[in-house]
């Protein structure tokens, strides 16, 4: 869709410039109309084809295949059943709190 918008804008800019230049040169109305329509078709089609080629080129660049060995990101916990994951004794083995059991009290008033 972006290719169509860019092609349309470029074609309209080229058509306006063509019409203005034709009017400044004193060309007849039919000549200005003919040149404007040809300019719309040529620049619109050319911009669309250039956009399509650019899109294909960028897609080809983005299609990089990873090299090396495959990495399995599943952990050994994934092999545990739901009953084992909900078991509190299993959770206690894996859990270590960030703070100690009896933290020191920091007081600014003494």
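Estimated at 0.36 nm per residue, the fully extended path between residue 38 and residue 12 surpasses their Cα-Cα distance by 8.2 nm.
Across every pair of non-identical alpha carbons in region 2-61, the mean reciprocal distance, once inverted, gives a Kirkwood radius of 12.2 Å. The relative contact order of region 2-61, computed from alpha carbon pairs under 8 Å that lie at least 6 residues apart in sequence, is 49 percent.
Every number here is computed from the coordinates shown, using simple stated rules; none is lab data. What you are looking at is a predicted structure, and each value in this text was computed from that prediction instead of being measured.
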